[in-house]
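Read the structure below first, then the notes.
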Amino acid sequence: MTALAVVVGFVVLVLTATLAPGPGTTGALPVGSCFQDPGAAQVTDVVLVDCDEPHDYEVLGTVQLEGDAFPGDVETVVQARAACERVFREYAGVERSATPWLINALTPTAGGWSEGNRTATCLALQFDDNLEFRKVTGSLRAARSEAHEERRSDVRAFEKV
């Protein structure tokens, strides 16, 4: 069992993850999957939901963190979030700063780091004006496909003129 940490705002939540393959375990979340906020400081699984249903998080991908010594829970999340900007751009096809989306990450804890785990899972989420999770319906990736198709339609319409 390996533990992962996630920072929401300035609060560090530690998520304990079983790294066995399979949907729902926090260490093996499929890219493009959606899930609810676990609502607890330590969990072994998350509740995956269809992205067409209201959800809190969407999995963007993973990044590898570097370093021999564990930099601390907060610093691993800071490093992961920076690296996840690229993952967001590749996944969504747009700069995150041009969207209402935020980035968070599931990162290894000190125990996981000492076992060689350097993988962070990049997550997309939104907050409302009260800094509460904004339930999202639909996929960020699907929105990219729809926007791309709209641009293609605009180009085809322009070419006909």
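The values are calculated or read from the model by the stated rules, or taken from the named source; none is laboratory data. The shown structure was predicted, so the numbers you read here are calculated from the model rather than taken from an experiment. Reconstructed Cβ throughout: ideal geometry from the backbone, glycine too, with neighbour counts over all protein chains shown. Each accessible area value is taken on the protein alone, full model and side chains, heavy atoms only, with ligands, DNA and RNA left out. Shrake-Rupley method; radii C 1.70, N 1.55, O 1.52, S 1.80 Å.
Could you tally the net charge around ASN117, taking each other residue with its Cβ under 15 Å from the Cβ of ASN117, Lys/Arg +1 and Asp/Glu -1? List each step's numbers first, then the result.
Details: positive: ARG118; negative: GLU66, ASP68, ASP73, GLU115.
My count for the surroundings of ASN117 gives -3.
With a 1.4 Å probe and all protein chains left in place, how much accessible area per residue does segment 46-111 have, in Å²?
Using a 1.4 Å probe on heavy atoms only, each residue of segment 46-111 averages 47 Å².
Give me a comma-separated list of calculated 3J(HN,Hα) values for segment 70-76, in order, Karplus coefficients 6.51, -1.76, 1.60 applied at θ = phi - 60°, integers in Hz, x for any Gly or Pro.
Result, rounded to whole Hz: 5, x, x, 4, 5, 5, 5.
Tell me the label-point distance for the pair SER97, LEU131, using the 7 Å Cα-to-Cβ offset, in nm and rounded to one decimal.
For SER97 paired with LEU131, the spin-label model returns 2.3 nm.
Could you run the Karplus curve 6.51 cos²θ - 1.76 cosθ + 1.60 with θ = phi - 60° over segment 102-117 and give me ³J(HN,Hα) per residue in whole Hz, x for Gly and Pro?
Along segment 102-117, the couplings run 10, 10, 9, 8, 8, 10, x, 8, 4, x, x, 4, 5, 8, x, 6 Hz.
Using a 10 Å cut-off on Cβ atoms, rank the peptides 121-133, 102-114 from the highest mean neighbour count down. List each step's numbers first, then the result.
Working: 121-133: 15.8, 102-114: 20.9.
Peptide ranking by packing, descending: 102-114, 121-133.
Using a 1.4 Å probe on the protein heavy atoms, what percent of the accessible area of segment 63-144 belongs to carbon and sulfur? Write down the numbers at each step before the final one.
Values: 2020 of 4130 Å².
Roughly 49 percent of what the probe reaches on segment 63-144 is carbon or sulfur.
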